[in-house]
Amino acid sequence: MEAAYKITFPDTLGVRNYRTIKLDTTGSVGEAISRILGKNPLPAGEDPSAYGLFLPPCPAFDNGSWMKEADLLSKYSAARQETMEYRKRQRLLTVSLVDGHSRKTVLIDDLMTVAELVPLCTKKYGVSFGEEFSLAVDAPVAGEHRWLRPELPLRVQNVRDDQAVILKKKLFIGDFVVDDTDPITLHLVYIQGRQSIVQGVYSCGQEEALQLAGLQMQITYGNYDPLAHVAGFLNLEEFLPPTVRKIDFIEEDVYSQHRRLMNIDEVECKYRYVKICRGLKTYGITFFAVKEPPKGPNLYPRAVLLGVSRDAIVFCHPTTKDLFSRHVLNQVSRWTASPFTFSFDVCETVPESTITVETTEGEAIAELINDYFVIAKRRRTDPSLASLSMSDSDELSSAQA
């Protein structure tokens, strides 16, 4: 059965034009493309493999969809679209860092998965240990990000063409070798650590918070200026965690730390900042809000934080982040996720015990744990990465999910 479709395509001047072409709806998308090219060949020198048939945004595909050549054309008829675009799959992607600055553009193929895009982005920024980074987008909650699934293209995950993605550190394994000799990677680790400090993700005491704020002042404004750096100058929300912002005269205490850093350069200050962050008990832990099932009758589920680090799964108090329990990853033999729960088996006891929590983020937790296992195994077996492997006491087992 044939149906008439309006096909838009680029002409020799790069201007989009269109023709109405009858296509067999029982045939494949690849066959439809061959017929389109038979009716309207590409300009000389153009590579057909760089082009594809695109279904514009419609109720069935909010963000549009690239049509797979192996699919039947009838698969997309539910979209009730009579207009399709034959166009290049390449486009420019805007990438930013977690602070929203330092934006760069990368030329990508729109069918590439996130896992394929990450090396392009880390190369663009000149980042070391690129396998520890991934891409995220802004979440509906202000200040939070949503990790993109590595096995899917951006469009499938409703990332718009004009939307920037965020290059962000997801795994924390090689941090201990990042220093002032690698200022680019150091900068990325610094700005992500800084964000975690001021948002209260990494818990720290007053003394540590002041040291970090003083270093940030030196990085941001250079040497202390007694005429400029006075009460009311500092936006405490950008320099201090929530737990210490309301302490009396806290701003003057920040300036006191700042005065001690005269003539220390920006890179050295960033390195000191990162060193302090690495010493915090919650550094490198990704937290998820979960609930523990009731331990007895007439009890309610307890809200806790489940944290995943390079070497352990931890349970912490949701506010203070005080440690409740810790399970090293090389004792975790299996983990499973469902839409509303996450479970893992630990062989610290005999017989093995299963720990289950209530959460809607089970898939994200399982994916993060798996990523740590995969990267740890790769670094143990690749001689070129031997210096980046974790110590023997921290190594992950080769258990499979």
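Worth a mention:
- A Cβ distance below 8 Å, combined with a sequence gap of six or more or placement on separate chains, defines the contacts here; from segment 262-277, residues that are in a helix (DSSP H, G or I) reach residues that are of a type in the set (Gly, Ala, Ser) and open to solvent by less than 90 Å² (accessible area, probe 1.4 Å) in the pairs Tyr273/Gly193; Val274/Gly193; Cys277/Gly193; Cys277/Ser196.
- Looking only at segment 7-34, and only at residues there that are open to solvent by 70 Å² or more (accessible area, probe 1.4 Å) and at pLDDT 85 or above, the one that is nearest to Lys88 (Cα to Cα): Ser34
- Annotation: of all residues in segment 35-64 being exposed (fewer than 13 other Cβ atoms within 10 Å of the Cβ) and touching a residue at least 24 places away in the same chain (Cβ under 8 Å), the one that is farthest from Thr20 (Cα to Cα) is Asp62.
- Number of residues in segment 304-332 that are farther than 15 Å from Tyr372 by Cβ and in contact (Cβ under 8 Å) with a residue 24 or more places away in the chain equals 6.
- Scan segment 138-185 for residues that are surrounded by 18 or more Cβ atoms within 10 Å (Cβ to Cβ), within 15 Å of the chain's Cα centre (by Cα) and outside any loop (DSSP other than H, G, I, E, B) and the total you get is 7.
- Residue match in segment 268-276 (condition: surrounded by 15 or more Cβ atoms within 10 Å (Cβ to Cβ), among the hydrophobic types (A, V, I, L, M, F, W, C) and more than 23 Å from Asp175 (Cβ to Cβ)): no
- Pairs where the first residue, in segment 139-152, is free of Cβ contacts under 8 Å to residues at least 40 places away in the same chain and the second is basic (Lys, Arg), C-beta under 7 Å, 6+ apart: Ala139/Arg146
- Residues (over 30 Å from Pro241 (Cβ atoms) and either open to solvent by 70 Å² or more (accessible area, probe 1.4 Å) or not in a strand (DSSP E or B) (or both)) located in segment 342-375: Cys347, Glu348, Thr349, Val350, Pro351, Glu352, Thr354, Asn370, Phe373, Val374
- When segment 313-341 is filtered for residues that are over 13 Å from Val290 (Cβ atoms), of a type in the set (Val, Ile, Thr) and assigned to a strand (DSSP E or B), the ones remaining, listed by number, are Val328, Val332, Thr336.
- Single residue of Glu252, Glu237, Glu208 found to be within 19 Å of Asp99 (Cα to Cα) and either of a type in the set (Asp, Glu) or at pLDDT below 95 (or both): Glu237
- Condition check for Met262 on (1) among the hydrophobic types (A, V, I, L, M, F, W, C); (2) exposed (fewer than 15 other Cβ atoms within 10 Å of the Cβ); (3) within 23 Å of the chain's Cα centre (by Cα): one failure, at (3).
- The residue of segment 53-85 that is modelled with the lowest pLDDT, among those that are touching a helix residue (DSSP H, G or I) at 6+ places or on another chain (Cβ under 7 Å), of a type outside the set (S, T, N, Q) and more than 17 Å from Gly27 (Cα to Cα), is Ala60.
- Whichever residue in segment 282-312 is hydrophobic (A, V, I, L, M, F, W, C) and outside any strand (DSSP E or B) and, among such residues, is modelled with the lowest pLDDT: Leu299
The values are calculated or read from the model by the stated rules, or taken from the named source; none is laboratory data. Nothing here was measured: the structure is a model prediction, and the numbers come from that model. Note: ideal-geometry Cβ built from the backbone for every residue, glycine included; neighbour counts use all protein chains shown. Please note that ligands, DNA and RNA were not included when accessible areas were found on the heavy atoms of the full protein model with its side chains. Shrake-Rupley method; radii C 1.70, N 1.55, O 1.52, S 1.80 Å.
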